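Below is one structure, written out as structure tokens; comments come after it.
The values are calculated or read from the model by the stated rules, or taken from the named source; none is laboratory data. Please read all numbers here as calculations on a predicted model, not as lab measurements. Cβ sites come from the backbone with ideal geometry, for glycine too, and all protein chains shown count toward neighbours.
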Amino acid sequence: MDFQHSKEQKMLVNLADRLGREQFAAKSARWDAKHEYPHENVKALREAGLLGMTIPRKFGGQERPLIDVVLVIEQIAKYCGVTARIVVETNMGALGSIMAYGTEAQQREVARRVLEDGDKPAIGMTEPSAGTDLASLRTTASKRNGTYILNGVKHWITGGGISKTNLIFARLLDQEGNDQGIGGILVDLGTPGFTVGRVEAAMGLRGIPEAELIFNECVVPAANVVLRDPKDGFKKLMNGYNAQRIGASAVALGIAQGAHDLAIDYMCQREAFGKKLKDFQGLEWIIAQGEMRLEAARLLIYRAACNARKLANNVMLPEMKEASLAKAFVGHEAFHSVSESLQMFGAAGYSADLPLERMLRDVRMFQIGGGTSQAQLNMIARSIFSNR
């Protein structure tokens, strides 16, 4: 077991850190204040080769392992959580599911969109009546000759209205209306019958819209179905989401590390009662405990990424228990770490003049989005007791 980064990984980390520090940090407040998608950051990521890193070489990608992407996400999130989320979704999530389970034509086209256009594939799972309980989703895709007719509503879809590529989870119905189980179907933005509804007034990570997607007699070619396996299509799609959870955990870790670093720098400068804040033992202990939390979180994420199993096209998907352990732990500890870091600044940390309050709002998402912490605990418990 080697905990040292390779020379290439060190170069990748340095590249991501430099981009974040020099190009993304100063603009991060703008995306938050204006609820504006950072198109110029996407362009910079594409030019740096940080989009589609996991895409197979035969489709023009770099075919990098999951751990390399995690390292990049962690660095960028220190400076801009929104931009780090874009790195997640242009390397994992819907993209990973398509590369693992889609047809070659689907894979080639989605790869082209990510690498050439900077498209951020969206994954349409959550519905008004089916959040954590995804098996209860009501969106249907009814087979009609050579097409599927999509009807239903999704909400809190990250990138809704921005993403051209949308992998929609739907209940597939055959020509006679029989339920064939839950599958995935690709729907392009702009397809007739597909409209973008309400955009949520989110607490944090405001640079990426969380939108409602409405499908009303939306006609989609049968060739757009990614998975139509009635036996375990839903299970495969959900396995594909494990990588997304690791990516989300890496964003939370990076935000927390960024806040932690700011607190350390401030404590080395700020004086009170005739000495630096770093010389007060009570404050030292808070920082030391934060360091322990971050290192433990990092190890859980790195383990899940490194242990990811390899599927078709060298797609790497983490094991469910390891992904859930990382997400549940990191979501909680990252929020606590940012909160403690903000505390070091006193009243100044509570002000919008510093990034700490935004970072606290941003990191709170990761105890909810992508499966709540409680849902992760349920999955962890099931894995413990499944063979007892």
Quiz prompt | Of residues in the stretch 78-97 being outside any loop (DSSP other than H, G, I, E, B) and touching a Ser or Thr at 6+ places or on another chain (Cβ under 8 Å), the one surrounded by the most Cβ atoms within 10 Å (Cβ to Cβ) | solution = Leu95
Quiz item: When the residues of the stretch 248-270 are filtered to those that are among the polar types (S, T, N, Q) and within 30 Å of Ile123 (Cα to Cα), which remaining residue is surrounded by the fewest Cβ atoms within 10 Å (Cβ to Cβ)?
Solution: Gln257
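Residue by residue, here is whether (1) modelled with pLDDT of 95 or more; (2) among the basic types (Lys, Arg); (3) touching a Phe, Trp or Tyr at 6+ places or on another chain (Cβ under 7 Å) holds:
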| site | (1), (2), (3) |
| --- | --- |
| Ile182 | no, no, yes |
| Phe194 | yes, no, yes |
| Asn216 | yes, no, no |
| Asn224 | yes, no, no |
| Leu227 | no, no, yes |
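If the requirement is being within 30 Å of Lys78 (Cβ to Cβ) and touching a strand residue (DSSP E or B) at 6+ places or on another chain (Cβ under 9 Å), which of these qualifies: Glu200, Glu217, Glu212?
Values: Glu217 fails: within 30 Å of Lys78 (Cβ to Cβ); Glu212 fails: within 30 Å of Lys78 (Cβ to Cβ).
Selected residue: Glu200, the only one of Glu200, Glu217, Glu212 that is within 30 Å of Lys78 (Cβ to Cβ) and touching a strand residue (DSSP E or B) at 6+ places or on another chain (Cβ under 9 Å).
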Quiz item: Which members of the stretch 173-225 meet the condition of being part of a loop (DSSP other than H, G, I, E, B) and in contact with a Pro (Cβ under 9 Å, 6 or more places away or on another chain)?
Solution: Glu200, Ala202, Gly207, Ile208
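Which count do you get for residues in the stretch 189-207 that are closer than 12 Å to Val220 by Cα and surrounded by 15 or more Cβ atoms within 10 Å (Cβ to Cβ)? Explain how you work it out, then say what you get.
Here is the first cut: in the stretch 189-207, the residues closer than 12 Å to Val220 by Cα are 189-194.
Filter once more, so that each one left must be surrounded by 15 or more Cβ atoms within 10 Å (Cβ to Cβ): 189, 191, 193-194.
Residues in the stretch 189-207 being closer than 12 Å to Val220 by Cα and surrounded by 15 or more Cβ atoms within 10 Å (Cβ to Cβ): 4 in total.
In a helix (DSSP H, G or I) and within 30 Å of Val13 (Cβ to Cβ), is that true of Ala252? Walk me through it before giving the result.
On the way: in a helix (DSSP H, G or I): yes; within 30 Å of Val13 (Cβ to Cβ): yes.
For Ala252, the condition - in a helix (DSSP H, G or I) and within 30 Å of Val13 (Cβ to Cβ) - is met.
Out of everything in the stretch 271-285 that is touching a helix residue (DSSP H, G or I) at 6+ places or on another chain (Cβ under 7 Å) and within 20 Å of Ser337 (Cα to Cα), what residue ends up being surrounded by the fewest Cβ atoms within 10 Å (Cβ to Cβ)?
Quick first cut of the stretch 271-285, residues touching a helix residue (DSSP H, G or I) at 6+ places or on another chain (Cβ under 7 Å) only: 276-278, 283-284.
Checking the rest, the ones that are also within 20 Å of Ser337 (Cα to Cα) come to 277-278, 283-284.
Working: Leu277: 21, Lys278: 17, Leu283: 18, Glu284: 13.
Ranking the candidates gives Glu284 first.
Suppose the filter is in the same structural domain as Ala77 (by TED's automatic domain parsing), within 18 Å of Glu89 (Cα to Cα), out of contact with any His (no Cβ under 7 Å at 6 or more places or on another chain) and not in a helix (DSSP H, G or I); does Gly20 pass it? Even if it seems obvious, please write down each step before you answer.
On the way: in the same structural domain as Ala77 (by TED's automatic domain parsing): yes; within 18 Å of Glu89 (Cα to Cα): yes; out of contact with any His (no Cβ under 7 Å at 6 or more places or on another chain): yes; not in a helix (DSSP H, G or I): no.
No, not satisfied.
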Quiz prompt | Residue among Ser324, Ser341, Ser383 that is touching a residue at least 24 places away in the same chain (Cβ under 8 Å), hydroxyl-bearing (Ser, Thr, Tyr) and either on the phi > 0 side of the Ramachandran plot or surrounded by fewer than 16 Cβ atoms within 10 Å (Cβ to Cβ) (or both) | solution = Ser383
Exercise. Assess whether Ile157 counts as being β-branched (Val, Ile, Thr), in a strand (DSSP E or B) and over 24 Å from Ala312 (Cβ atoms).
Key: yes
Quiz item: Which of (1) closer than 22 Å to Pro318 by Cα; (2) without any contact (Cβ under 8 Å) to a residue 40 or more places away in the chain; (3) not small (Gly, Ala, Ser) is the odd one out, the single condition Met125 does not satisfy?
Solution: (2)
Exercise. Taking the options Ile301, Ile246, Ile255, Ile264, name whichever one is more than 28 Å from Ile157 (Cα to Cα), touching a residue at least 12 places away in the same chain (Cβ under 8 Å) and among the hydrophobic types (A, V, I, L, M, F, W, C).
Key: Ile264
